[in-house]
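This report concerns only the one structure given below.
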């Protein structure tokens with residue numbers, strides 16, 4: 001398989017090099033990929049995510065979106081933003097390549113940004129994903145084709161949520177390697193809403209990296225809805241570096257997907273940071289989701305919180321790995337991890353691994369995890385009050401899952417994901 | 001308060017290992033190194049039948065194909081398996097009929113260890129099998145047990161006298177293919193205890209084994225096999241010590257427990273192998289595989305461990321809950337100090353319906369030590385209505401130590417309930433203040449809190465063991481906090 005991607009790289013070398021000016025990064029990516037290859041289930045961090053079946057496919061790359069007629073934007077009911085960037089099969093559409101604001105904010109396609117501001121893009125490219133941690137990350141570095149770029153200069157607030165949509169409907173075995181970079185300088189605020197979806201006949205393998213640089217005293221919210229269907233495979237790696245007094249809210253909602261993996265790596269690189277990662281997922285059919293959150297308390301006086309809740313039905317498989325590392329001098333750390341799951345079917349399974357690795361003593365760290373079925377007492381309570389069994393189940397499941405998203409401040413987004421979750425729960 | 005805490009930690013750090021003496025007894029040592037001849041030598045020395053030798057050789061050949069596991073959170077220096085002697089026994093050991101015949105030096109050793117055989121025999125009624133450098137020295141209370149048809153003897157005797165039982169059960173819970181150290185143990189195990197409780201018998205005394213590594217440059221590989229037949233009950237205790245030496249010594253034991261229908265086995269360990277000096281020099285590498293199977297319906301296995309010794313501990317007493325309505329418990333206190341490293345925890349594999357398990361683990365890290373809890377709870381597809389609750393807390397004393405928690409939970413049905421919770425913190429300032437306001441001085445307050453923290457596990461220890469356990473814990477915890 002490594003050979004195939006090496007050959008692919010060499011055969012498309014010319015096109016790749018004209019894409020974004022990343023000659024060295026691509027080369028390094030290919031080299032790293034050749035060295036480490038794809039991860040497999042024998043590796044500790046990939047135990048719950050079997051890549052073997054889908055990696056048998058040979059995923060080609062394509063450089064342009066040939067059939068960009070679908071108006072996905074209008075499909076996102078009610079979620080409107082003054083600034084939206086739309087990706088179709090990993091390519092930026094609608095010629096909305098780059099928006100530049102008077103206050104210095106730059107938002108648009110990374111391809112366009114790299115053409116216009118090569119220094120700025122290169123200054124941050126692969127700086128959070130420093131070492132190409134695994135084969136997928138290395139592959140992204142080698143084959144990256146587009147993605148979104150957001151630059152918020154210091155002392156700037158973007159007072160509306162910027163919207164990024166990614167939709168996939170390619171029935172060919174193509175891979176889409178998107179690279180998203182978000183830079184918040186000091187004292188800035190920004191919210192990003194990211195919607196990812198795919199059609200039932202889609203065969204795309206999307207392999208995306210998002211690099212986030214959150215400057216001193218800045219706040220970033222990244223609200224994500226992953227609504228995949230059919231055969232699509234999605235691997236998302238998010239790398240965030242937080243400087244002192246910064247805050248990062250990451251809310252992930254997952255409604256289905258053939259094989260989905262989310263890796264969130266957060267480095268708390270200054271004092272008094274706060275990282276908050278929440279996830280809600282409802283899976284049925286043969287859906288497989290593996291969520292991994294790694295929080296590195298590299299400096300003292302930081303807080304972190306992880307809260308993931310999931311419902312699994314049919315033959316769905318779920319996994320959660322939460323990892324908190326508190327380094328030796330990171331005193332006065334507070335870290336909290338919670339993962340609760342409801343398994344509705346006998347064929348569904350759930351793995352949960354809430355890990356703590358602590359080298360400092362003045363800390364308060366705790367984690368809780370549970371896997372079970374619906375509370376029979378609560379069901380009885382609702383039924384004795386005249387609520388039908390199905391309705392009672394629906395109420396309890398929705399309330400259970402939505403608990404993870406209680407921190408979402410964007411009410412419009414919350415409303416939409418709640419609706420999505422409720423619709424999905426009706427099916428399970 | 002910082003001062004008091006520092007004092008407390010310093011006191012503990014400066015505490016010497018109490019059991020660091022060696023006993024001057026003439027030993028018979030196997031030549032250093034490991035090969036098929038050594039395996040044959042051990043088997044031959046012990047006068048074993050051919051099937052046992054075959055079993056050992058099979059294990060040895062399998063071991064050669066294996067690699068040392070590296071997934072644990074431990075820094076294990078390279079071990080030269082050819083630089084160890086795999087068999088050491090007190091020379092020309094006759095079979096003793098009474099304690100008077102035992103070498104007085106040995107008796108002295110046991111007395112120093114706080115295990116007066118006679119006294120225990122007389123006062124507490126514990127049947128003791130003492131394993132000294134791999135060879136079983138004395139099993140007391142044999143006659144009382146004989147009346148009830150309970151077999152409690154050394155593994156070597158069991159192989160000779162009860163070959164059918166041994167053949168049936170050995171390797172049935174921990175096969176030689178299980179892991180690197182289990183394979184090594186199966187190839188070179190020297191002795192250990194064997195215990196069989198017949199149907200319907202409730203063992204009236206606590207069965208107990210003491211292990212001690214005495215000779216330099218040896219490894220100890222004992223193998224314990226406990227079988228509780230239908231409707232029986234047994235409580236088994238195990239204690240471990242070793243002398244103070246500069247080099248590291250290897251201890252790779254295997255414990256197998258089989259609980260048949262409605263039987264109950266309670267297994268308690270106080271592990272106090274030599275932990276090395278303050279700079280982390282010397283100490284025992286304790287790489288142990290302990291596993292029980294609740295084979296029959298309604299069976300119960302309970303593990304309790306107090307881990308205070310060893311330079312490196314790699315140990316996960318586990319239970320396979322195969323029978324319906326079976327119950328497993330795991331209670332652990334692990335204390336690490338100086339440069340000690342411990343990676344310990346439990347596995348609960350639920351296969352039977354309505355099976356229930358509990359894990360309570362308390363870790364205390366002091367000085368520059370690293371203390372890891374690693375546990376797995378798995379509910380198989382048919383383990384309907386199963387239940388697990390795990391709690392693993394860590395307490396940190398000193399800013400150079402580490403406490404880590406790695407739980408793995410996997411559920412494959414929709415009727416089981418698993419809950420896991422864990423906390424990591426230092427001693428809370430508000431609790432200390434509360435106690436100080438009520439007239440306790442700081443040392444007493446710290447002492448009270450640490451004791452309270454570990455109490456849930458300590459209270460599980462059998463009464464007969466309490467004296468020694470308390471003594472060991474007073475060295476590790478209570479003593480350290482005044």
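Since every read-out is calculated from the coordinates, none of them should be taken as a lab result. Predicted model, so just to flag it, every value in this text is computed and none were measured. Quick reminder, even Gly has a Cβ in these numbers, built from the backbone with ideal geometry, and neighbours come from all protein chains shown.
Simple spin-label model, 7 Å along Cα-to-Cβ: residue A:422 to residue A:63 in nm?
4.8
Can you figure out the FRET efficiency of residue B:381 with residue B:82, using R₀ = 51 Å and their beta-carbon distance, to the nearest 0.05? Walk me through the intermediate numbers first.
On the way: r = 45 Å, r/R0 = 0.88.
Working from the Cβ atoms, E equals 0.70.
Which order, highest average first, do B:198-206, A:201-209 follow once you tally other Cβ atoms within 10 Å for each residue and take the mean per peptide? Each step should come with its number before you reach the end.
On the way: B:198-206: 17.1, A:201-209: 22.4.
Highest-to-lowest ranking by the protection proxy: A:201-209, B:198-206.
Working out 0.36 nm times the residue gap between residue A:40 and residue A:52, then minus their Cα-Cα distance, what length gain in nm do you get to one decimal? Write out the running numbers ahead of the final one.
Details: separation 12, 0.36 × 12 = 4.32 nm, distance 0.71 nm.
Taking residue A:40 through residue A:52 to full extension adds about 3.6 nm, to one decimal.
Connecting C-alpha atoms closer than 10 Å in a GNM of chain A, tell me which of A:116, A:259, A:315 has the biggest fluctuation.
A:116
Have a look at A:181, A:254, A:158 and tell me which one the Gaussian network model of chain A (Cα, springs below 10 Å) gives the largest fluctuation.
The residue that fluctuates most here is A:158.
For the stretch A:2-372, what class follows from the C-alpha gyration tensor (a ≥ b ≥ c being the square roots of its eigenvalues): rounded when a/c is under 1.5, otherwise prolate if a/b is larger than b/c, else oblate? It would help to have the intermediate numbers written out before the result.
Numbers: a/c = 1.39, a/b = 1.10, b/c = 1.26.
Note, shape of the stretch A:2-372 comes out rounded.
Based only on other Cβ atoms within 10 Å, what is the fewest-to-most ordering of B:314, A:46? Walk me through the numbers on the way to the answer.
On the way: B:314 23, A:46 19.
The order, fewest Cβ neighbours first, is A:46, B:314.
Using only atoms on other chains, find how many Cβ atoms lie within 10 Å of each Cβ of peptide B:397-404 and report the average.
On the way: counts 1, 1, 7, 4, 5, 7, 9, 8.
Shielding by partners across B:397-404 averages 5.
Pairs of Cα atoms under 8 Å, at least six residues apart: use those to get the relative contact order of chain A, whole percent.
Details: 1088 pairs, mean separation 42.2, N = 428.
Reported as a whole number, the value is 10 percent.
Given 0.36 nm per residue, what is the gain on full extension from residue A:384 to residue A:286 after removing their alpha carbon distance, in nm? Intermediate results must be reported in sequence, preceding the final value.
Details: separation 98, 0.36 × 98 = 35.28 nm, distance 3.42 nm.
Answer, rounded to one decimal: 31.9 nm.
Taking the number of other C-beta atoms within 10 Å as the exposure measure, put A:327, B:223 in order starting with the fewest. Don't skip to the end; give the middle numbers.
Numbers: A:327 17, B:223 24.
Starting with the residue having the fewest Cβ neighbours, the order is A:327, B:223.
How do A:345, B:390, A:370 line up, fewest other C-beta atoms within 10 Å first?
Details: A:345 16, B:390 25, A:370 19.
So the residues, fewest neighbours to most, are A:345, A:370, B:390.
Starting from the Cα of residue A:399, step 7 Å along the direction of its Cβ; do the same at residue B:51; then give the gap between the two resulting points in nm.
Between residue A:399 and residue B:51, the label points sit 6.2 nm apart.
Using a Gaussian network model on chain A with a 10 Å cutoff between Cα atoms, which of A:122, A:405, A:283 fluctuates the most?
Comparing A:122, A:405, A:283 in the GNM, the peak value goes to A:122.
Modelled label-to-label distance, residue A:159 and residue B:456, 7 Å Cα→beta-carbon offset: nm?
That separation, rounded to one decimal, is 5.1 nm.
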